[in-house]
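One structure is given here, and the rest of the page talks about it.
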Amino acid sequence: MLALAVLLPVLYSCSGKKQERIDQLNGQSYAWHYRNLDSAEVYARWALKEADNKGDGAAEAYNNLAFVDIARMKYRNAWRLLKQVPELTDNQIEILISDVQLMRLCQRESFNKEFYDYHERALRCIQRFQKESYRLSDHQQRRLLYAQSEFQIVTSTYYYYVGLNHQAAQAIQDMSSWNQLIQDTAQYINYCYNVGAGGIILGGTKQDIAQSEFEYLIQAYVLAQRCDMPFWEAQIIQAISEHIQDPSMRKLLISNNVPAFKYINTYDMPDSLLAGNLALRALQIFTEYGDVYQVAGANRTLAECYWYIHDYRSALICLQRALAIKAVHQAPDLVASIRERLSLVYSAVDDKANSDRNRNIYLDIQERSRQDRQLEARASQLNYSSRQLNIMLVAVVLMILVFVALLFVFDAKRRRSDKAFSLDTLLEPLRNWQRENEKRNRLMNENINEMKEQLTIGKLHLQQHKRKNLDARAKVQLVNSILPFIDRMVYVVHQLKQEKESHQEKRDADWKKRNYDYLMEITDSINDYNSILTQWIQMRQGDVSLKIESFDLQDLFDMVERSRASFRIKGIDLQVKPTDLKVKADKTLTLFMINTIADNARKFSNEGGVVKVEANGMPDYVEISVEDNGPGMTKEKLSHIFDRTYTGGHGFGLKNCNGIIEKYKKMSRIFSVASIGAESELGKGTRVFFRLPYGFRRALTLLFLLFTTLLPAFSTPSAPRRGYANESKAAAYADSTYYCNIRGEYERALRFADSCRAVLSPSDTVILLDVSNETAVAALALHQWKLYEKSNSVYTSLFRQASADSSLPDYVRTMQRSENNKTVAIILLVLLLLTILPAYYFLYYRHQLDYQSCIDRIRKMNQLLTSDLSDEQKLKGIDRLADFASFDLREEQLATLSNIVQTVRQAELDAIQGQLRQADDLEFAEDEQRRLNLETARLHVSNSVLDNCLSAFKHETMYYPSRIRQLVQESPDSIDDIAEVVDYYHDLYVVLAQQAMRQVPTIRLDDEMVDYFFDLLGDVNDRKAPAVMSKTLDDGYLKMQCLLSQRHDDAEACRALFTPYTSDLRFLLCRQIVREMGEATNQRACGLSAHVGKEGILIEVIMPARLNERCLIAMKNNHIQI
């Protein structure tokens, strides 16, 4: 016993010394955290060995090793170490530190759900220590101080990155009153650095905040140098580098802190290069220290410095070097920031493809790592809650079973009869009847929709005929303008004839010569006009007339498959994939395109090759493709495959196909999805495809929404998304901004974005988020860096605010408090069930007979619905059976049965109203179709006759001016012969002109012609909308000045622009439209004139003022700037 008494103190003393040794080694490891990672790791492993891999010392060593792994971005290993800490010890301080480090890992890897889990665990642990900290040893006190300060800093960092700036600032500001923080120099420097790095000081001007942050940073820098902590030295000079990148802020800080900057600027760098020097020094220190995460961040900061001095290539190298670190891709926020800078740098070096790619990756990372996509914290709490709820439900089910058993005791006989009954069965006949009605209505709606589709196609055909008729009227007007020349010719010839017949030489030879010269001038003018008319007629003969209809592609595929023999002769396998798709187009031209492309594939495929023809349905269009496995072609040859001036061996077939697609696009906005393209790879084959809109099955609703104008134009603003006018406009402008970016019209996109912000409701952050992103994209493409930085900052801030969920911590705590409430709820529910049992016996059973009688009445209503009675008789029968006043029912029973009756009655009313509505729609569509057919037929006849008349002019009258000139030149004395030819020419011309004029319809105002007028102005301006200035005159006229910026005619050409000597015959159509406006309104002062302007030619139009509103609509449809 005496020996044991002596031995125990010795053993205890040895054990105490060993623990002290382990604590010293762990303390040394902690001291080297920010000095040298290798040393920190060595001491930690030494301590782990001394602790025999167990106990408090081993847990602390694991925490130190995890710190090293986090710095080196060995996150998987760090997770493994930290997860083992609770298994090694019950020391709550070390468990707390492991939770805080796990929070750091979750923050780095954007694991928001896990972050909140560990945050809540750590917070509960800290609250317990606040009550019991007096029991801790000195070593434990130091560890607790580290854990608490690190908890605040990691929490602040997390909140900052998810956009909760106020919470981030509050977490750091809570540490300002910790007097004991100065005891841990590394954590105090950490605190100063986080305050100075930005986002924590929220009050004051931008300059005051920057100065305060710099003071914190310089204080931390001095401490880091004195204590030889290179990690913090690098962190701080990197933060200072970020502060002084902006020239204005750099100038302010340097002027206010000259001694501090002399202390920092050890290499005497010029002010403009100091930021880059500091970033480079930070990069070198981090590289030597071994913190992979900070190395990547320093590369990003250095790239920003190069960016500010416009050294974009160096910036690109830095960012690519950061991304080349494989471990960095474990940190989504860091990768996102690097990708965002890469998109900026690539844009600066005009590499738009890589710029767009990196920005899309940046946006994808933002989307994947946003906080509200990681609400599994709530889900896990709800899972836990649902388990309790399941227990409660089991108890409730057991009570219900007991309740049902007792009901069987009191009413066994009634229960057996009602067991299979359910109120829902009362509605089953109604549902069957409704399904039958729906089938009938669906068939009727398909007929109506098909009729409406034909109506849409009819309007397109009517538009073609109207435009063709206008073209013919303009030609007739040109014909009529020749008649005065012929009248003058008749007059001159008769003067010469009278002179000859008088047999008196009253006039001298000069007089005759002048008249003969005048005759030849007139014939020359007529010949000029005839040449113009002939050219015009011939030019229109080549126009393609489109017959738009909806048809099954399989019909065309069957025709294509019949040509399989021509492919088989060459040893090629033609494979046509069956399809059930329907398209809207000209059926004949579509067959021509498929055959042309397939024939090209056959020509260029070798024996044993395969040609595949198939159609694929996309969301907005049908893509028809022909693919072969032939030799393929080069990118250069592929890029010119549809060029009209390129001859690469494909003939005119593909050029014609491209022309047909362009014709579709010009015809109507319905065909905005139409396109043609090709893909090819040498040695693998070629794929040629074209796209057409869906036919009736998919596109009918879209047709009516889009059929606001028949002229080719850009998309009009979409329908309102919400019920407020400003939001509707904002949504439309935001959509227009997006589509402008898609088309590469970036300056126009910025204008739409400005318009969107002008009408945007402050509460609609969704639209503001979208338009900020699109503004950033446009600014990036236009190299407007300040606008990009501003827009991207707004987008990022809004995105984080929109996805942030500051209620998560409170929610988790609430869920924990709700556990006890569920137990109380279960008890109350059980008591409620026990109370229902006697209530059922006294209050329910006596109402059952009346209730069953009412149910029988509802069954009779269902029988009425399926009977052959008229709808009026069915309604009367339902109203008669729905009288439940004589029955003793509880209120809820009466309400239930009344609802069923109301459902049955409403279903019958809906059926009646639906049938009436369908009848009205069908009648309207048929009437409108008849009207369109009549008008189209009338115009078709008129156009055909006018074409014949103009053809007669071309063939019957073109000869005479030249013949008259020949007679004047060769036989001037044969005046009688000349007079005979002239008179016959005059009489023939008058007859043909009168016949043509009889076919010209009565002039009336037509909105289509107003649209056509502005469409023509866009056409002659190379499809670019002219700028228009409008003014209403006092005398009932509207004056418009249209600037055609793409035309640069001289003054002489401008004077002839609206005459037969015009440089573009489309101007004669414009003149014809304006002239008819004047005739229809009896306002004869309408007209056009052209002048040379500074930026193009200026067209001045005078038209009736009553057309002002219609003109504004037409200009809006054609996207003309007013």
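Derivation of every value follows stated rules applied to the coordinates shown; laboratory data play no part. Quantities reported herein were computed from a predicted structural model and do not represent experimental measurements. Cβ placement follows ideal geometry from the backbone for every residue including glycine, while neighbour counts extend to all protein chains displayed.
Taking packing as the residue-averaged number of other Cβ atoms within 10 angstrom, the listed peptides 604-613, 863-872 run from highest to lowest as 604-613, 863-872. Length available on full extension from Arg313 to Glu935: 0.36 nm per residue minus the Cα-Cα distance, which gives 217.3 nm. Each of Leu1044, Leu278 was scored by other Cβ atoms within 10 Å of its Cβ. Arranged with the fewest first, they read Leu1044, Leu278. Put the Cα centre of segment 236-252 next to the Cα centre of segment 1049-1073 and the gap is 63 Å.
As a rough guide to protection, the peptides 1026-1034, 619-627 ranked by mean Cβ packing within 10 Å, highest first, stand as 619-627, 1026-1034. Average 1/r across all pairs of distinct alpha carbons in segment 152-218, invert it, and you get the Kirkwood radius: 12.1 Å. Based on every Cα atom in segment 97-158, Rg and the maximum pairwise Cα distance Dmax equal 12.0, 37 Å.
Bridging of Lys49 to lysines at a Cα separation below 24 Å is possible for Lys17, Lys18, Lys74, Lys83, once same-chain residues fewer than 8 apart are set aside. Each residue of segment 919-932 is assigned a 3J(HN,Hα), and the resulting list reads 4, 5, 4, 5, 5, 5, 5, 5, 4, 5, 5, 4, 4, 5 Hz, derived from the Karplus form 6.51 cos²θ - 1.76 cosθ + 1.60 (θ = phi - 60°), x at Gly and Pro. Taking other C-beta atoms within 10 Å as the exposure proxy, Val402, Val492 rank Val402, Val492 from fewest upward.
Stretching Val349 away from Gln575 to a fully extended chain increases their span by 76.7 nm, per 0.36 nm per residue minus the current alpha-carbon distance.
Sorted by packing (mean other beta-carbon atoms within 10 Å per residue), highest first, where do 582-589, 972-979, 296-303 land?
Per-residue mean Cβ counts within 10 Å order the peptides as 296-303, 582-589, 972-979.
Legend: Rg and Dmax of segment 539-638, from Cα coordinates, 15.1, 45 Å. Pairs with C-alpha atoms separated by more than 21 Å, drawn from the list Lys666/Lys1024; Lys459/Lys584; Lys468/Lys954; Lys729/Lys1024; Lys666/Lys1094; Lys113/Lys790, are Lys729/Lys1024; Lys666/Lys1094; Lys113/Lys790. Based on the Stokes-Einstein relation at 10 °C and a viscosity of 1.306 mPa s, and on the Kirkwood radius from alpha carbon pairs, segment 548-706 is assigned a translational diffusion coefficient of 99 µm²/s.
Listed from fewest to most Cβ neighbours within 10 Å, the set His940, His955, His1048, His33 follows the order His955, His1048, His940, His33.
In this simple spin-label model, placing a label point 7 Å from the Cα along the Cα-to-Cβ direction at both Leu591 and Met451 gives a separation of 3.0 nm.
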